[in-house]
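The values are calculated or read from the model by the stated rules, or taken from the named source; none is laboratory data. A quick note: this is a predicted structure, and the numbers were derived from the prediction, not measured. Note that we place each Cβ from the backbone using ideal geometry, even for glycine, and neighbour counts take in every protein chain shown. Please note that ligands, DNA and RNA were not included when accessible areas were found on the heavy atoms of the full protein model with its side chains. Shrake-Rupley method; radii C 1.70, N 1.55, O 1.52, S 1.80 Å.
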Amino acid sequence: MSLAGRHAVAVFVALASPALAQSRFNLQSPVTGIAEQIYNMHTLMLLICLFIFVIVFGVMFWAVIHHRKSKGAVAANFHENTAVEIAWTIIPILILVGMAWPATRTVLEMKDTRDPDITIKATGYQWKWGYDYLQGEGQGIRFVSNLSTPHEQIDGKAAKGAHYLVEVDNPVVVPVGKKIRMLTTASDVIHSWWLPAFGVKQDAIPGFIRDAWFRADKEGVYRGNCAELCGKDHGFMPIEVHVVSQEAYSQWVADRQAAMAAAASAGAREWSLAELVEQGAKVFAANCVACHQADGKGLPPAFPPLDGSKVVLGEAAAQIAVELNGRPGTPMAAFGKQLSDVDIAAVITYTRNSWSNKTGEAIQPSQIAAARGK
């Protein structure tokens, strides 16, 4: 493409971008430098393809109409044309090189994860994300992020909210203008951490650590989803990131650390049966209901019922072991690294005292700690 042509396309992209950004059919508006490069390349290459499409099909239809048999056209009879063959070889090569050059430069920049301000590990579980702040301000913070859309909306019993299926109970929080390195992995199957406005899409593979990075230039709430088909509730695994000011981030870190300290002390006291059942209902709704269902009947044979289950009504130690370590070879995940002692004690107590299960037992956090070998 000539220099004048490239300038014309660039001007067209610049003029068209605001309108395209508002379209619900286009990419999300970029808020990082990488995402902006991706957005502009997407638009430019779409225009190049459109230009080629119009030229090729325009010439083809012009030839069909003006050189048809009814007008007395006679097919040319020749073999080889060196100039034409050179032209249709050189021109596509130049076009491809022109498209590959900026794309390669962007890919190399996407892979440059050096010198981050904060490093966060995202672990994919069926069907939620776990986050660990590994380095930088907030180091040591860890939590699990679950879909928070009420089941009444999912079941069609209530009107859908503004952020239907893209809202979570614990969003990731990062400061604006800081380089954030995201490490991704998974505990069960392949997931993919995808946030379009940041230009980040990184697979999360069990047994491997992959990484990506972003630096958000604008405060706000940004949403994505798992982009890898990962099982029954793949579409119920959203990502929500809050980009806030440095002051707000420091306050969030302080609040989180205080909450973690309070949770640690909560595990040391004796809980009543009512307290455990109340807390367990919340934990069950966030982590277990997708498989075992709200009525405890499960979805046999993959997800067995808990109502009347021999495991739930049997020795507490056996159920604690299943909860902590999962059941290899089955969809039952290990929650030992996802939930605290209090939450595991609460959800076990809840299942042993719900539906037709009436054991009257209160499983204490100290029992979970003992099972972990603390």
For this session: Considering every residue within segment 57-64, establish whether at least one is within 30 Å of I38 (Cβ to Cβ), open to solvent by 80 Å² or more (accessible area, probe 1.4 Å) and either touching a Ser or Thr at 6+ places or on another chain (Cβ under 6 Å) or modelled with pLDDT of 90 or more (or both).
Result: yes
Exercise. Restricting to segment 200-212, what's the tally of residues that are surrounded by fewer than 18 Cβ atoms within 10 Å (Cβ to Cβ) and touching an Asp or Glu at 6+ places or on another chain (Cβ under 8 Å)?
Worked result: 2
For this session: Test each condition in (1) polar (S, T, N, Q); (2) closer than 27 Å to A186 by Cα; (3) within 26 Å of the chain's Cα centre (by Cα) for S250 and report the one that comes out false.
Result: (2)
Problem set entry | Candidate set: segment 57-115, residues that are in a helix (DSSP H, G or I) and charged (D, E, K, R); chosen: the one nearest to I180 (Cα to Cα) | E109
Exercise. How about segment 118-164: which of its residues are crowded, with 20+ Cβ neighbours inside 10 Å and at positive phi?
Worked result: G138
Problem set entry | segment 238-249 residues that are of a type outside the set (S, T, Y), paired with ones that are open to solvent by less than 30 Å² (accessible area, probe 1.4 Å) and not in a strand (DSSP E or B) (beta carbon under 6 Å, 6 or more apart) | E240/P171; H242/P171; V243/A216
For this session: For A263, state whether it is open to solvent by 20 Å² or more (accessible area, probe 1.4 Å) and either on the phi < 0 side of the Ramachandran plot or touching a residue at least 12 places away in the same chain (Cβ under 8 Å) (or both).
Result: yes
Exercise. Which pairs have Cβ atoms under 6 Å, sit 6 or more apart or on different chains, and link a residue in segment 272-289 that is under 13 Å from L339 (Cβ atoms) to one that is among the aliphatic types (A, V, I, L, M) and open to solvent by less than 60 Å² (accessible area, probe 1.4 Å)?
Worked result: Q279/A346; G280/A346; G280/V347; V283/A346; V283/V347; F284/V347
For this session: Spot the failing condition for K282; the list is (1) open to solvent by less than 70 Å² (accessible area, probe 1.4 Å); (2) modelled with pLDDT under 95; (3) within 24 Å of T149 (Cα to Cα); (4) not in a loop (DSSP other than H, G, I, E, B), and only one is missed.
Result: (1)
Exercise. Is there any pair with a first residue in segment 43-69 that is over 30 Å from F25 (Cα atoms) and a second that is surrounded by 10 or more Cβ atoms within 10 Å (Cβ to Cβ) and aliphatic (A, V, I, L, M) whose Cβ atoms are under 9 Å apart and which are 6 or more apart or on different chains, and what are they?
Worked result: H66/A73; H67/A73
For this session: Look through segment 85-117, keep the residues that are within 22 Å of L44 (Cβ to Cβ) and among the polar types (S, T, N, Q), and return whichever of them is surrounded by the fewest Cβ atoms within 10 Å (Cβ to Cβ).
Result: T104
Exercise. Counting just the residues of segment 213-260 that are within 30 Å of I368 (Cβ to Cβ) and in a loop (DSSP other than H, G, I, E, B), which one comes out most open to solvent (accessible area, probe 1.4 Å)?
Worked result: K232
Exercise. Do we find a residue being within 28 Å of P150 (Cβ to Cβ) and small (G, A, S) anywhere in segment 312-321?
Worked result: no
Seminar exercise, completed: Wholly inside segment 307-374, helices (runs of 4 or more DSSP H) that include 2 or more residues that are small (G, A, S) and open to solvent by less than 50 Å² (accessible area, probe 1.4 Å) are 316-325, 341-352
